[in-house]
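Novice: Once you've had a glance at the structure underneath, I'll fire off some questions.
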Amino acid sequence: MVVQGTAPLPRAAHAAAILRGHLVFVFGGRHQLRRTNDLYCLDMETLKWSGNLTKEEDNEPVPQGRSWHTLTPLGQDYLVLYGGFNQRNEPLSDCWWFDINKRKWRQIHTVPCDKPRLWHTAILTPFQEIIICGGCTENILDHSIVADHKTSDIIVLRFSPKSLYRLCLDYLAHHLESLNDINELPHNIQSVLLRRVSNTTGHHTTLGGS
């Protein structure tokens, strides 16, 4: 198997995501003593690397180098980068997206976030929300910090308004105890509500609008 193009350097603690079923994107990670901010794409149909897609010479903001972050596909054209661990051993709470058609990064400033996170996981829901779960909140290399680094806090990154269905579910879930006629609801709605109430744990932070 012959792979063409300029491949990324060896690295650890990077993140990868697949778009359109055949485009594999790799961002950041640690190469020797440096945490990188380069983005590469491998086309699995042509077996060709794109070269570095992070263009710092365009005088436009780009993400700083990091490791232990997440990179999540959003639709067919976007990647969402969240958190990580920078070159100064600082946990990050910034959020970026990358437009693969324009090949440009843009930082998401809709709502300021004070939830640094590294070594976490992220998943896209059917409602076009990215759920950030678990991970650490402190410099895990600083052994003088006595506090527990791990967190069960959940962060929700929302990129479109809630549907009427979601708004109604949210209202019903918050007022379930005061409802006298829940048995009159369709069985599938009852099932969703009961699952939501039984699984509600931790604190939820919403980014990107209501």
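The values are calculated or read from the model by the stated rules, or taken from the named source; none is laboratory data. Please read these numbers as outputs of a predicted model, since none were measured by experiment. We place every Cβ from the backbone using ideal geometry, glycine too, and count neighbours over all the protein chains shown. With ligands, DNA and RNA removed, areas are computed over all heavy atoms of the protein, side chains included. Shrake-Rupley method; radii C 1.70, N 1.55, O 1.52, S 1.80 Å.
Novice: So in region 130-189, with the set limited to residues that are part of a strand (DSSP E or B) and of a type in the set (Val, Ile, Thr), which one is nearest to THR70 (Cα to Cα)?
Specialist: ILE132
Novice: How many of the residues making up region 21-47 are open to solvent by 40 Å² or more (accessible area, probe 1.4 Å) and either under 18 Å from the mean Cα position of the chain (by Cα) or free of Cβ contacts under 8 Å to residues at least 12 places away in the same chain (or both)?
Specialist: Final tally of qualifying residues: 3.
Novice: While we're looking at this one, here's another question. Just for region 175-189: of the residues that are surrounded by 12 or more Cβ atoms within 10 Å (Cβ to Cβ) and at pLDDT 80 or above, which one is nearest to GLN87 (Cα to Cα)?
Specialist: Step by step, filter region 175-189, then rank; the result is ILE189.
Novice: Can you tell me which residue in region 51-70 is most open to solvent (accessible area, probe 1.4 Å), limited to those that are touching a Gly at 6+ places or on another chain (Cβ under 8 Å) and under 25 Å from ILE123 (Cβ atoms)?
Specialist: TRP68
Novice: While we're here: One residue is enough: does region 73-81 have a residue meeting the conditions open to solvent by less than 70 Å² (accessible area, probe 1.4 Å), among the β-branched types (Val, Ile, Thr) and in contact with an Asp or Glu (Cβ under 7 Å, 6 or more places away or on another chain)?
Specialist: No, region 73-81 contains no residue that is open to solvent by less than 70 Å² (accessible area, probe 1.4 Å), among the β-branched types (Val, Ile, Thr) and in contact with an Asp or Glu (Cβ under 7 Å, 6 or more places away or on another chain).
Novice: Across region 51-77, which residue is farthest from the chain's Cα centre (by Cα) among those that are part of a loop (DSSP other than H, G, I, E, B) and more than 29 Å from ILE131 (Cα to Cα)?
Specialist: Looking at the filtered set, the residue picked out is ASN59.
Novice: Let me ask something additional. Restricting the first residue to region 55-78 and requiring it to be at positive phi, which pairs with a second residue that is aliphatic (A, V, I, L, M) and surrounded by 19 or more Cβ atoms within 10 Å (Cβ to Cβ) meet a Cβ separation below 7 Å and a spacing of at least six or different chains?
Specialist: TRP68/LEU118
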